[in-house]
Structures are given as structure tokens and as C-alpha cells.
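Below is one structure; the comments refer to it alone.
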Amino acid sequence: MFWDKLKPSTNEPKPISVDLSPTFAIQVTWDDWATSRVPAAKLRLECPCAACVDEWTGARLIDPTRISPDVRPVGMEPVGNYAVQIRWSDGHETGLYSWRQLRTYVEG
Ligand SMILES: [Zn+2]
């Protein structure tokens with residue numbers, strides 16, 4: 001249908017909720033009932049911001065040994081309709097995690 005072509009990416013799954021589970025994993029529930037669950041420390045390490053990843057080479061600039069395994073999010077803010085900004089307990093807060101990235105952690 002013509003109208004369907006006007007609406008972008010209607011087939012892309014959308015997040016229903018983002019929660020911090022008791023095991024310090026970030027859990028995203030999607031509108032197709034899939035669940036992404038990723039340990040907070042791993043997500044912190046995979047922060048895609050310019051301070052953590054070289055934007056030209058894609059090389060990771062974080063020293064994994066400097067990320068506490070106890071790091072956890074202290075705040076989350078949606079950014080537009082494509083990402084969530086996470087503030088971490090280590091003070092880092094420039095990372096925007098796109099839903100597309102979070103979707104890659106879907107289980108099963
Ligand atoms: Zn970062």
C-alpha cells in the first residue's frame with residue numbers, strides 16, 4: 001500500500017520497557033516480546049560514544065581493566081525515538097545506545 005511506504009521502518013521492533021534486573025543486567029522488552037539482556041559492565045564497555053570508540057577506526061578506546069564489574073546505570077533518558085542515553089555509576093554519561101544496538105543482545 002502507498003501509505004505503508006510513507007511510514008518508515010514500521011517492522012522494526014520497538015522497546016516497551018528498559019529495566020535494570022537484580023543481576024545488574026539491563027533488560028529491554030520489545031513489542032514482539034523478545035527480550036534483550038546484557039550485563040551492565042559489558043554494556044558500559046561497549047559504549048559507542050566518541051570518548052570510548054575512535055569514530056574513524058572503530059577501535060575501542062576503553063581500557064577494560066578500568067571498568068568496574070559493579071558499574072551500573074544510575075539514569076536512563078530516551079533520546080528521540082532511536083536511542084537511550086545511559087548515565088553510569090562511574091560518572092560516564094555520553095553514551096547513546098541505539099535501540100538497534102540493544103536489539104543485537106536479544107536472547108535465544
Ligand atoms: Zn562512552
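None of the figures in this text is laboratory data; all of them are computed from the coordinates on show. Computed from a predicted model, the values in this text were never measured in an experiment. So basically every Cβ, Gly included, is an ideal-geometry build from the backbone, and we count neighbours across all protein chains shown.
Pick from region 78-108 the residues that are surrounded by 15 or more Cβ atoms within 10 Å (Cβ to Cβ) and of a type in the set (S, T, N, Q): which of them is nearest to the ligand (Cβ to nearest atom)? Here the answer is Gln85.
With respect to the numbered conditions (1) at negative phi; (2) out of contact with any helix residue (DSSP H, G or I) (no Cβ under 6 Å at 6 or more places or on another chain), which one is the sole condition not fulfilled by Gly108? Looking at each condition in turn, Gly108 falls short on (1).
Cβ separations smaller than 6 Å between residues 6+ apart or across chains give the following pairs from region 30-50 residues that are within 21 Å of Arg60 (Cβ to Cβ) and within 9 Å of the ligand (Cβ to nearest atom) to residues that are of a type outside the set (Ser, Thr, Tyr) and not in a loop (DSSP other than H, G, I, E, B): Arg44/Trp88. Of the conditions (1) surrounded by 15 or more Cβ atoms within 10 Å (Cβ to Cβ); (2) part of a strand (DSSP E or B), Gly75 clears all except one; give me its number. Of everything listed in (1) surrounded by 15 or more Cβ atoms within 10 Å (Cβ to Cβ); (2) part of a strand (DSSP E or B), Gly75 misses just condition (1). Give me a count of the residues in region 10-27 that are in contact (Cβ under 8 Å) with a residue 40 or more places away in the chain, in a strand (DSSP E or B) and in contact with a Pro (Cβ under 8 Å, 6 or more places away or on another chain). Of the residues in region 10-27, 2 are in contact (Cβ under 8 Å) with a residue 40 or more places away in the chain, in a strand (DSSP E or B) and in contact with a Pro (Cβ under 8 Å, 6 or more places away or on another chain).
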